[in-house]
Amino acid sequence: MKKLVGVLAASVLSIGMLSACNKSDDKTLILGTSADYKPYEFIDTKNDKIIGFDIDLAKELGKKTGYEVKVKDMEFTSLITAMNADKVDFIMAGMKETPERAKNADFTDSYFVDQNEVVVKKDSNIKSIDDLKGKTIGVQAGSIQEAKAIEVSKKVGFKVENRNRIPEMVEELKAGRFDAVIIESTVASGYLKKLQEIEGLSIEDFFEESGSAVAFPKDSKLTPKFDKALAELKEDGTIDKLIKKWFGDIK
């Protein structure tokens, strides 16, 4: 009986020590992202690592708040669902706060502002909003570009189709299955430099300037901590350095 009591006591002690150990080691955050959004986040084919502006900024935020940051890649449309299922702790994926997203997540202040660009093939003869009538426009599923395209389509009369990943959209454009795609200008820039057969158009109807922010679960205690850290990184010039590194000299 004494042996049994001793074993039970030892077990309880071990469990207690393990719990305490887990709490003290709880200094790692899993970042959820969609690594198809260069230069925000993308896979470096040389070593299969996820790199980019958001990744560097997330690590700087981790340093400021005392966390190690590990990265998990998934589809953009599943990010908030995954976070609320405790599969990731926070999200940085060039994500913007919208009223719909704000129902299921809290957002920090924005850390980078961008706008939309319409990308077409150079031989498409598409120059204005009227030229899109009857055409098929590609957007990323769940993005603010998708919402904007659907809104504009009601006035102009074109079809909107989505894909999960940006490279899929560009391939559909090259193959002629999409007549145009809507992408953020800094993301479109990389494709425009690489592919000679496409060009970017600034069409006012699609213009929507918006800021990327960090997303956390509703009422997370980390949101104000990261807001404070973002303010400090803006103040000390760290964010400007990362913008120059990943986006070049843009104003």
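Odds and ends about this structure:
- Which listed residue, of 35, 102, 82, is over 24 Å from residue 188 (Cα atoms), of a type outside the set (Ser, Thr, Tyr) and either without any contact (Cβ under 8 Å) to a residue 24 or more places away in the chain or touching an Asp or Glu at 6+ places or on another chain (Cβ under 6 Å) (or both): 102
- Members of segment 55-68 that are over 19 Å from residue 36 (Cα atoms), free of Cβ contacts under 8 Å to residues at least 60 places away in the same chain and either open to solvent by less than 50 Å² (accessible area, probe 1.4 Å) or in contact with a helix residue (DSSP H, G or I) (Cβ under 7 Å, 6 or more places away or on another chain) (or both): 62, 66, 67, 68
Yes or no, residue by residue, for (1) assigned to a loop (DSSP other than H, G, I, E, B); (2) hydroxyl-bearing (Ser, Thr, Tyr); (3) at pLDDT below 95:
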| position | (1), (2), (3) |
| --- | --- |
| 20 | no, no, yes |
| 26 | yes, no, yes |
| 42 | no, no, no |
| 87 | yes, no, no |
| 119 | no, no, no |
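- Close pairs from segment 124-139: first at positive phi, partner open to solvent by 10 Å² or more (accessible area, probe 1.4 Å) and part of a loop (DSSP other than H, G, I, E, B), Cβ under 8 Å, at least 6 apart: 134/157; 134/158
- Residue within segment 92-115 that is within 15 Å of the chain's Cα centre (by Cα), in a strand (DSSP E or B) and farther than 29 Å from residue 219 by Cα present: no
- Counting only residues that are of a type in the set (D, E, K, R), at negative phi and not in a helix (DSSP H, G or I), segment 199-251 holds 8 of them.
- The residues on offer are 108, 77, and the sole one that is open to solvent by less than 30 Å² (accessible area, probe 1.4 Å) and β-branched (Val, Ile, Thr) is 108.
- Residue match in segment 185-195 (condition: over 27 Å from residue 91 (Cα atoms) and of a type in the set (Phe, Trp, Tyr)): no
- Some residue of segment 151-165 being part of a helix (DSSP H, G or I) and acidic (Asp, Glu): yes
- Of everything in segment 178-189 that is over 17 Å from residue 122 (Cβ atoms) and part of a helix (DSSP H, G or I), the residue that is least open to solvent (accessible area, probe 1.4 Å) is 187.
- Qualifying residues in segment 147-177 (those that are of a type in the set (A, V, I, L, M, F, W, C) and under 23 Å from the mean Cα position of the chain (by Cα)) - the one surrounded by the fewest Cβ atoms within 10 Å (Cβ to Cβ): 150
The values are calculated or read from the model by the stated rules, or taken from the named source; none is laboratory data. Since the structure is predicted, the reported quantities are computational estimates derived from the model, not experimental observations. Neighbour counts run over all protein chains shown; Cβ positions are idealised from the backbone, glycine included. We work out accessible area using only protein heavy atoms, side chains counted, and drop any ligands, DNA or RNA first. Shrake-Rupley method; radii C 1.70, N 1.55, O 1.52, S 1.80 Å.
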